[in-house]
Amino acid sequence: GQLADPPYLRNLNPPQREAVLTTEGPVLMLAGAGTGKTAALTARLAHLLYTRKAWPSEILAVTFTNKAAREMKERVGRLVGEAVEGMPWLGTFHAIGAKMLRRHAELVGLQSNFTILDTDDQLRLLKQLIVAADLDEKRFPARSLAGLIDEWKNKGLSPRDIDAGESERYANGRGGELYEQYQARLKAVNACDFGDLLLHMLVILKTHREVLEHYQQRFRYIMVDEYQDTNAVQYLWLRLLAQERKNIACVGDDDQSIYSWRGAQVENILRFEKDFPGAAVIRLEQNYRSTPHILAAAGGVIANNSGRLGKQLWTELDVGEKVRVLGVWDGPEEARRVGDEIETCQRAGTSLADVAILVRASHQTREFEDRFIAIGLPYKIVGGFRFYERAEIRDALAYLRVVNQPADDLAFERIVNVPKRGLGDKAMARLHQLARRTNTPLTTAAARILDTDELTPQARRALGNLIGDIARWRDRARELPHPELARQLLDESGYTAMWQAEKSAEAAGRLENLSELVRAMEEYESLGAFLEHVSLVMDNEGGPEQPQVTIMTIHAAKGLEFDTVFLAGWEEGLFPSQRALDEGGTRSLEEERRLAYVAITRARRRAIILHAANRRIYGQWTSSIPSRFVNELPAEHIDSETTMTGGASLWQANWSEQADPFADVARGTGRGPGWQRAAGTLDAKKPGGDWGQRTFSTAPTRVAESRGPAVSLGNK
Ligand code: ATP
Ligand code: MG
């Protein structure tokens, strides 16, 4: 009866209970967003402990993030009514893999105190190997090789599994050979990378029967959250470990598979029943998170995907507000609107901790950060760096700082060998000595050292070029608008090219961030004013106790929920991303749509979707059209509004009707900041003419001023 139920069973619905109480044998919980999958999994863990079916150390429980692992631990502690000491095997795949590998390191030729390399170390090592192999690192970037090796590791492939076809994917067939050398080097320095944490363990489990049997015995129960996003190597792991006892419970939602770009295979869900015959498949259909309108909106969008397993969701929650769809003029207005809306919520008693802004691409956070700092709204960026703290932004800022302030030694040091100019540690040591001896800044010392023979000819040439460049940029800073200066500087220093040379998704993101930086500069009077703004922003760390608005990517928001969720930038080319559109076909588009589904279903009570009519992309104004996902929202569940009135809507109306869309509206007051438009998606470049400044009489209040032709930073 209800009363006798332990605390973790109260409140659970019948299928959730079934998932908790079916402890023996394979269980697959397949259900839509917000149906209490994670809640049931947590209760199951509590149940196993409460009923003493297993000791904490006998349960393998995998979460998708470290944060989720901490939360699960806390919740189980609360449910069982005592602190759950020592759940050694509750964590992410990587955390668990690292722990196991430390115990068995010698079986793959490592010592148990092996180092786990970060991406920078990894790249440095790969570069050495590439150079040693007589390959041109510019043509065959280390990052491409790193990406490929990562992909192989995610698939569970060791060097000896790489066939000629796979090997062909790097440096004309030398991929496999370099992979092998890389693994050998890692071993020699007693290190491994993230991929190895899983791959080494997989190899050990496959080749050392006694180790496999040990873990098969030890793990009486295995459970996995977010199963739809496991990759091949993780899948192989689980299958081996669960093969003996078969007490494995996996929960997932095929509609929320959003990591295929990192090797996740949604098929793992589909083959679960084949791998584990007789699995209990439990479906949850009651959603406890979102209001009916939100649920219907999400359902309407995801219904456009094909090949879904298909799920019905219902909720008992009050109908609540419709999903709001807000059309705004441009990015800055989007940020302003969101800020205003949040302040309104705040006045109505909402805590900032219950509010999130979800973006498709990380560069979108910048506009919100700037706005929130301006109005003093506390925020945090989750699962990523705050915009101005990202490596590429810091590099670019360092260049600008040196131009602005030659004595800025820290900035100079940061960029002196980025991109690589052959200025090694030795040259830098000499330079430092001279600077100290003469009590001058590094740039001054650099100019002096060039007159001596203290440096090798190569280092001297490199340093001479850099010092010359800096002097030239400083001269230009007097004439050129500062955003233009920044563009030229990033191009001429080779910094942009450095990221363009590699084709990874990460590099593309960094290039987008760099263009976003230049865009941000346009809002400030001078280079000095901009740098001043940045240092203030960097100093704006809110206290930890203070409730903050969360800004994060949709990817990072998986599994989370918030009362109020703003979904920004729902425009074609941004979401779905240009990359997905360029790739064509339905595969990547459907993954974007699953992202949209994940995004909407994070909201408990209020979802506000925004799209802007204009974006500045790669330094150029572009007219954007609302995302197809906006059009897929069922009309009866949304309220649409647009803030575009007056000049803006007039401009819009004119756009399609007249040869010169600016004919009427361009005769504005002629005062105030101007709009410069470049050819955009509407492709309305005026024949024969360039796009001079156009002034709109009723343009939004804070308008960016842009000057000069745009130099594309992107690799589009
Ligand atoms: P996602 O697919 O987004 O990961 P999920 O299926 O894991 O979602 P949970 O996060 O476990 O869903 O639960 C969603 C919300 O519903 C949570 O706030 C949770 O506390 C609540 N919830 C879960 N089960 C119940 C229940 N039986 N009764 C009341 N509330 C519940
Ligand atoms: Mg969940």
- Item | Label point 7 Å beyond Cα of Lys187 along Cβ direction - residues of the range 93-134 with amide nitrogen under 11 Å | 107-110
- Taking K and R as +1 and D and E as -1, what net charge do the other residues with C-beta under 15 Å from the C-beta of Ala43 add up to? +3
- Item | DSSP bridge pairs, the range 542-630: antiparallel proportion in percent, nearest 5 | 50
- Note on the structure: Restricted to the chain, the DSSP antiparallel beta bridge percent, nearest 5, is 15
- Task: Once you have a ≥ b ≥ c as the square roots of the Cα gyration tensor eigenvalues for the chain, tell me rounded if a/c is under 1.5, and otherwise prolate or oblate according to whether a/b is larger than b/c.
- Result: oblate
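Evaluate E = 1/(1 + (r/R0)^6) for Ile375 and Glu267, where r is the Cβ-Cβ distance and R0 equals 45 Å; express this FRET efficiency to the nearest 0.05.
0.45
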- If you rank Glu106, Glu522 by fewest surrounding Cβ atoms within 10 Å, what's the result? Glu106, Glu522
- Excluding Ile638 itself, what net charge comes from residues whose Cβ is under 12 Å from its Cβ, given Lys and Arg +1 and Asp and Glu -1? -3
- Query: Using a simple spin-label model with points 7 Å from Cα along the Cα→Cβ vector, what separation in nm is obtained for Arg124 and Arg436?
  - Reply: 2.1
- Task: Can you tell me the relative contact order of the range 111-250? Whole percent, Cα pairs under 8 Å, sequence separation 6 or more.
- Result: 26
- Fewest to most Cβ atoms within 10 Å: Arg628, Arg510 sort as Arg628, Arg510
- Query: Could you give the nm distance between label points at Val382 and Ala429, where each point is 7 Å from its Cα heading toward the beta carbon?
  - Reply: 4.7
- Note on the structure: With the 8 Å Cα cutoff and a minimum separation of six or more residues, the chain has a relative contact order in percent of 16
- Asserting the computed 222 nm helical MRE of the chain (DSSP H runs at least 4 long, -39500 (n - 2.57) per run, divided by residue count, to nearest 500) equals -14000 deg cm²/dmol
- Note on the structure: Farthest towards the positive end of the dipole of the chain, among Tyr379, Leu489, Asn417 and with Cβ unit charges of +1 on Lys and Arg and -1 on Asp and Glu, lies the Cα of Asn417
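By how many nm would the segment from Glu506 to Asp451 grow when fully extended, if each residue of separation counts as 0.36 nm and the alpha-carbon distance is taken off?
Details: separation 55, 0.36 × 55 = 19.80 nm, distance 4.09 nm.
Result for the pair: 15.7 nm of gain on full extension.
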- Note on the structure: Projected onto the charge dipole of the range 284-429 (unit charges on the beta-carbon of Lys, Arg, Asp and Glu, signs +1, +1, -1, -1), the Cα from Tyr388, His293, Pro332 with the largest positive-side position is that of Tyr388
- Sites Arg52 and Asn13 - FRET efficiency at Förster radius 22 Å, r taken between beta-carbons, to 0.05: 0.30
- Given a Förster radius of 30 Å and the C-beta distance between Glu321 and Asn66 as r, what FRET efficiency does 1/(1 + (r/R0)^6) yield to the nearest 0.05? 0.30
- Item | Anchor Lys187: aspartates and glutamates whose Cα lies under 20 Å away (excluding residues fewer than 8 positions away in-chain) | Glu106, Asp118, Asp120, Asp121, Asp150, Glu151, Asp161, Glu177, Asp196
- Query: If you keep only loop residues by DSSP, which trypsin sites (Lys or Arg not before Pro) in the range 364-408 have at most 15 other Cβ atoms within 10 Å of their Cβ?
  - Reply: none
- Query: In debye, nearest 20: dipole of the range 459-572 around its Cα centre with unit charges on the Cβ of K, R (+) and D, E (-)?
  - Reply: 780
- Note on the structure: For the pair Glu177 and Ala497, the simple spin-label estimate (label points 7 Å beyond Cα toward Cβ) gives in nm 2.8
- Item | Of the GluC sites (Glu not before Pro) in the range 27-88, those whose Cβ has at most 15 other Cβ within 10 Å and which sit in DSSP loop | Glu82, Glu85
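Would you mind counting up the charge near His200? Only other residues with Cβ under 13 Å from its Cβ, with Lys and Arg at +1 and Asp and Glu at -1.
+3
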- For Arg239, Arg478, Arg10, what's the fewest-to-most ordering of other Cβ within 10 Å of each Cβ? Arg478, Arg10, Arg239
- Message: If packing is taken as the average count of other Cβ atoms within 10 Å, what order do 275-285, 196-206 fall into, highest mean first?
- Response: 196-206, 275-285
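None of the figures in this text is laboratory data; all of them are computed from the coordinates on show. Model, not experiment: these values are computed from the prediction. Because the Cβ atoms are built from the backbone with ideal geometry, glycine has one as well, and the counts that use them run over all protein chains shown.
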